[in-house]
Amino acid sequence: MNDEISSLRQRGIVWLTMAGWTVSGAFVLMALFTGTYGWQALIASVAINLPPSFVALQKRHDATARLVVGLMIAAQPALLLYATRGIEWQIDMHMYFFVALASLTVLCDLRPIVAGALLIAAHHLLLALVAPSWVFAGGGGIPRVLIHALAVVLQAGILGTIAVSLTATLRRSASAREEAQQALESTRAERALREQLEHDLNERRRTELVEIGQAFETSVSRVATALADTALTLDETTGQLDTVARDTGSGAAGAAQAAAAASHAVATVADHIASLSASIGNIAVTVSQQDTLASEADGRSQSGGVSVAQLVGHSTDIAQATRAIAEVADHTNMLALNATIEAAAAGESGRGFAVVAQEVKSLSRQAAQATGEIETLLTGLQAGSQDAASSFSQISRSVQELAQAASVIRRDVDGQRSLAAEIEVTARQAATEADQIASRSDGLAKSARLAEQLSADLKSASAMLLDNVRELDKSAGDFLARLDRACDSKRAA
């Protein structure tokens with residue numbers, strides 16, 4: 001790293017020294033045209049070039065040598081100003097101060113730049129006070145000198161920064177080159193080691209290749225045999241699969257037809273069940289009407305029973321009245337008999353009374369006879385009324401039983417109607433499912449046909465696999481033969 005910077009600094013000292021002598025040569029030409037000032041500047045230039053030349057001849061590049069060269073380069077433009085005083089070009093010579101400072105960056109050191117800048121600033125300030133014409137034609141004044149001095153200081157700062165950055169960059173570059181050199185040496189060592197390892201590895205590989213070739217031959221032989229057996233088994237399996245696919249296709253087609261027929265039959269059953277449900281609904285209406293009529297008959301039979309019971313009561317009252325009439329008739333008959341006896345006892349005067357008594361007696365006998373007939377009729381009427389009451393009671397019980405039976409029938413009919421509706425829904429669902437089964441059976445038949453086609457393709461593929469196995473066996477034999485020849489040639493080499 002330091003070698004590169006030192007070499008650059010040494011070359012910079014040589015270049016700057018040569019530049020100083022070049023300026024001295026320019027002073028020779030200027031002396032020919034300007035006279036005394038040119039010769040004086042030439043003498044001063046040669047004088048200040050001697051120390052840097054001595055340093056350059058000794059090939060020094062230390063800090064002192066760099067300061068000597070820096071001061072020489074900063075002083076040469078001042079001599080140019082002196083040589084051109086009184087000439088209009090003097091102001092243009094100020095630019096060489098900036099050139100001089102810029103050239104010092106080749107030394108890769110901040111100190112010569114700072115020393116040169118201080119020398120230039122001191123030159124401007126001191127001569128502006130002592131000999132202004134040596135700096136500016138006609139005198140520039142302190143403000144003008146300060147502006148130039150400030151410009152020199154700013155340039156020195158910029159150039160110093162550049163010099164420091166250049167030095168750091170060169171150091172990093174040198175460090176990177178050293179690292180690259182070390183990496184290169186390491187790479188060379190690794191390459192030599194890798195070549196040795198590759199040589200050893202090639203030897204092992206040749207041995208392993210022979211072993212791998214033998215193992216490969218055995219493996220390929222086993223694989224080829226297994227593949228051949230697999231191809232034959234696959235061919236047999238595809239034949240069986242083809243048969244199964246055809247049988248499945250036929251069965252699926254039959255199942256589709258049967259499912260379609262079942263769907264039609266179930267739909268017909270659903271229609272019949274719908275008709276049966278309507279008939280059950282009509283029966284339910286009729287049973288409901290019968291229940292209503294039975295209720296009315298029960299009410300009327302109960303009313304008839306009440307009427308018959310009232311009739312029995314009235315006949316009993318009539319019988320009692322008839323017995324009272326019979327008793328009155330008996331008393332009347334007794335009175336008529338007594339009247340007849342009394343009339344007979346009275347003689348002629350009682351004859352008319354006797355006739356009346358006979359008539360009364362006749363009427364009492366008729367009343368007694370009528371009363372007997374009435375009692376006979378009442379007895380029959382009471383017996384008939386009792387039979388009618390018993391019959392009405394039985395009729396009422398029968399009607400109640402009929403009403404209960406009608407209620408049971410109505411509940412059963414309602415249940416049958418609900419059941420018939422559920423059966424109808426189930427039948428229609430069964431018809432829908434039968435349609436779906438038919439559709440799936442069609443899909444199964446299509447899948448079976450596709451399986452049959454795939455079976456044919458698989459059979460063709462198994463034949464190709466068997467051919468490929470034979471080709472693999474042949475290729476493996478050729479590969480092993482070439483491998484043996486290659487190993488033999490490497491052993492010979």
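The values are calculated or read from the model by the stated rules, or taken from the named source; none is laboratory data. Here the structure is a predicted model, which is why all the values come from computation and not from measurement. Don't worry about glycine lacking a Cβ; one is built from the backbone with ideal geometry, like all the others, and counts go over all protein chains shown.
Tell me, yes or no, whether the stretch 296-303 has at least one residue that is modelled with pLDDT under 70 and farther than 26 Å from GLN453 by Cβ.
yes
Residues to consider are ALA151, ALA168, ALA115, ALA163; find the one that is within 30 Å of ARG85 (Cα to Cα), more than 58 Å from the chain's Cα centre (by Cα) and at pLDDT below 75.
Checking each option against the conditions leaves just ALA151.
Could you tell me whether any residue of the stretch 28-47 is in a helix (DSSP H, G or I) and closer than 17 Å to LEU104 by Cβ?
Checked against the condition, which is being in a helix (DSSP H, G or I) and closer than 17 Å to LEU104 by Cβ, the stretch 28-47 yields no hits at all.
Does ARG206 qualify as being assigned to a helix (DSSP H, G or I), modelled with pLDDT under 75 and basic (Lys, Arg)?
Answer is yes for this residue.
If you take the residues of the stretch 25-59 that are among the hydroxyl-bearing types (Ser, Thr, Tyr) and modelled with pLDDT of 90 or more, which of them is surrounded by the fewest Cβ atoms within 10 Å (Cβ to Cβ)?
It comes out as SER53.
Of the residues THR316, THR340, which single one is surrounded by 13 or more Cβ atoms within 10 Å (Cβ to Cβ), out of contact with any Leu (no Cβ under 7 Å at 6 or more places or on another chain) and within 30 Å of SER390 (Cα to Cα)?
Testing whether each residue is surrounded by 13 or more Cβ atoms within 10 Å (Cβ to Cβ), out of contact with any Leu (no Cβ under 7 Å at 6 or more places or on another chain) and within 30 Å of SER390 (Cα to Cα) leaves just THR316.
Report the residue count in the stretch 1-24 for those that are touching an Asp or Glu at 6+ places or on another chain (Cβ under 8 Å) and surrounded by 18 or more Cβ atoms within 10 Å (Cβ to Cβ).
Matching residues across the stretch 1-24 total 1.
Please determine whether any residue of the stretch 249-267 is surrounded by fewer than 13 Cβ atoms within 10 Å (Cβ to Cβ), modelled with pLDDT of 70 or more, under 30 Å from ARG410 (Cα atoms) and assigned by TED's automatic domain parsing to the domain that holds VAL408.
Scanning the stretch 249-267 turns up no residue that is surrounded by fewer than 13 Cβ atoms within 10 Å (Cβ to Cβ), modelled with pLDDT of 70 or more, under 30 Å from ARG410 (Cα atoms) and assigned by TED's automatic domain parsing to the domain that holds VAL408.
Sort through ALA383, ALA370, ALA427, ALA421 and tell me the only one that's in a helix (DSSP H, G or I), at pLDDT below 75 and either small (Gly, Ala, Ser) or more than 60 Å from the chain's Cα centre (by Cα) (or both).
Just a single option satisfies the conditions, and that option is ALA427.
Provide a single number: the residues in the stretch 62-120 that are out of contact with any helix residue (DSSP H, G or I) (no Cβ under 6 Å at 6 or more places or on another chain) and either crowded, with 24+ Cβ neighbours inside 10 Å or outside any helix (DSSP H, G or I) (or both).
Adding up the residues that qualify gives 3.
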